[in-house]
Amino acid sequence: MKYVDEYRRPEHCERLLDEIRQTVTQPWTLMEVCGGQTHGLLRYGIDTALEGQVRLIHGPGCPVCVTPLEAIDQAIDLCRRPNVTMTSFGDMLRVPGSRGSLLEARADGGNVQIVYSPLDAVRLAERNPEREIVFFAVGFETTTPATALAVHQAAKLGLKNFSMLVSHVRVLPAMEMLAASDDSSVEGFLAAGHVCTVAGFDCYREFVERFRMPVVVTGFEPVDLLGGILECVRQLERGEARVVNCYGRSVVAPGNREALAIIEDVYEICDRPWRGLGVVPKGGVRLRDSFAQFDAENRFGTPLTIIEEPCECRSGDVLTGRIRPTECEHFGTRCTPDAPMGAPMVSAEGACAAYYRYSPRRTNATSNAS
Ligand code: SF4
């Protein structure tokens, strides 16, 4: 396939692996903050190929996984109201809140509908003026422009029955929190290519200055991932800390100006709870007052109430890179994609699901369980 095969060629991967091995004189710890990259690293065995030289740990990069319990609880409360249809991407339905999931709420009579885009929810509101249609707006900078566009469209159509439960998050403040934490072992970051396609990478310059840590904008194919790792370890070996774009075919320094403009118009920055991290200062966005009529929290009076994570599931430790999923005692036994105990095993982009799918321990765990 054109434009993909080039980034999967074994000979290119071997060359990059050799370069990384020749560059590294001591073990380095790098973190990616993107579920797609986590899956790529495991799927292509990059983590094991570099064992002993580069330790790859996984940050809170899955948008479904970082949506906090309390936001799921809010969505469940809304779907149980008599006149409300809660709409959401399919992945969100199985994610547990503190009182079960949206899927369970639907089985229990709640009105939940899967949509494939926020504009589908707007169209649903247009066709059903007698019902309140609420869209569950989650995700990073990659999905924020689409939900902002949905708000614009709803305003243009003059819809009175469309609103959004907003739980959008911003990656950079979470990286700052991780880099500043006392027990962090991260020495360099692979920045998520798709987030940077929207946000650009100028925004990382201050971070790099402050934490003296390289940030390398990286794509998703094996050649992209190895290229990002190579750039990162080269800088670390030289004692440098710079922002470098290794995903030039998609990312430019200032980002996507149109997407950023619509985000800026519809949203303002706020503190927001992340699953696994707690409340991250400036870690999310909320609707501006000028769009308050589309804010489901206002409309239905369902404020966010902070809830403690249950301690059985170690998603907090997984999402902050403190442990690998295989170090959780429930991995592959009590907790599997068919019977997930936590969000990182539910979501297709979750780190626990990635390890279950690709790691050798999965085979052990599966055969142990059978
Ligand atoms: S393996 Fe399951 S229980 Fe353990 S951290 Fe992952 S999601 Fe939670």
Open item on the list: For a quick check of understanding: with a 1.4 angstrom probe and all protein chains in place, what accessible area in square angstrom does residue 9 have, to the nearest ten?
Closed with: 100
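Sort 237, 130, 32, 221 by accessible area with a 1.4 Å probe, largest first.
On the way: 237 55, 130 115, 32 0, 221 35 Å².
Accessible-area ranking of 237, 130, 32, 221, largest first: 130, 237, 221, 32.
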Open item on the list: What figure, in Å² to the nearest 10, do you get for the accessible area of residue 355 with a 1.4 Å probe and non-protein molecules left out?
Closed with: 10
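Grab the eigenvalues of the alpha-carbon gyration tensor for the chain, scale each by 5, take roots, and send me the semi-axes largest first in whole angstrom.
Numbers: eigenvalues 249, 118, 65 Å².
Three semi-axes, in Å: 35, 24, 18.
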Task: Distance in nm between pseudo-label sites at residue 120 and residue 8 (7 Å out along the Cβ direction from Cα) - done: 2.6
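Restricting the count to DSSP beta bridges whose residues both fall in the chain, what percent are antiparallel, rounded to a multiple of 5? Please report the intermediate quantities before stating the final value.
Details: 9 of 41 bridges.
Counting only bridges with both partners in the chain, antiparallel ones make up about 20 percent.
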Open item on the list: Ignoring everything except DSSP H segments at least 4 long, calculate the 222 nm mean residue ellipticity for the chain; use -39,500 (n - 2.57) per segment, divide by total residues, nearest 500.
Closed with: -11500 deg cm²/dmol
Task: FRET efficiency, residue 25 to residue 327 (Cβ-Cβ, R0 30 Å, nearest 0.05) - done: 0.60
- [ ] Mind telling me which of 334, 94, 286 comes out most flexible in a GNM of the chain, alpha-carbon contacts under 10 Å?
- [x] 334
Task: Antiparallel DSSP beta bridges within segment 1-130, as percent of all bridges there, nearest 5 - done: 10
Task: Rounded accessible area per residue of segment 1-359, 1.4 Å, Å² - done: 42
Open item on the list: Taking all protein chains in place and a 1.4 Å probe, what share, in percent, of the accessible surface of segment 68-195 do carbon and sulfur account for?
Closed with: 51
- [ ] Positive end of the charge dipole of segment 1-359 (Lys, Arg +1 and Asp, Glu -1 on Cβ, about the Cα centre): tell me which of 98, 239, 318 has its Cα farthest that way.
- [x] 98
Task: Net lengthening on full extension, residue 282/residue 237 (0.36 nm per residue, minus Cα-Cα) - done: 13.0 nm
Task: Modelled label reach - residue 269, point 7 Å along Cα→Cβ, segment 137-152 residues with backbone N closer than 19 Å - done: 139-145, 148
Task: Residue list for segment 47-77, given a label point 7 angstrom along the Cα-to-Cβ vector of residue 18 and an amide N cut-off under 17 Å - done: 50
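The values are calculated or read from the model by the stated rules, or taken from the named source; none is laboratory data. Keep in mind that what you see is a predicted model, and the values were worked out from it rather than measured. Please note: Cβ atoms are built from the backbone with ideal geometry, for glycine as well, and neighbour counts cover all protein chains shown. Just so you know, the surface numbers come from the protein's heavy atoms only, side chains and all, with ligands and any DNA or RNA stripped out. Shrake-Rupley method; radii C 1.70, N 1.55, O 1.52, S 1.80 Å.
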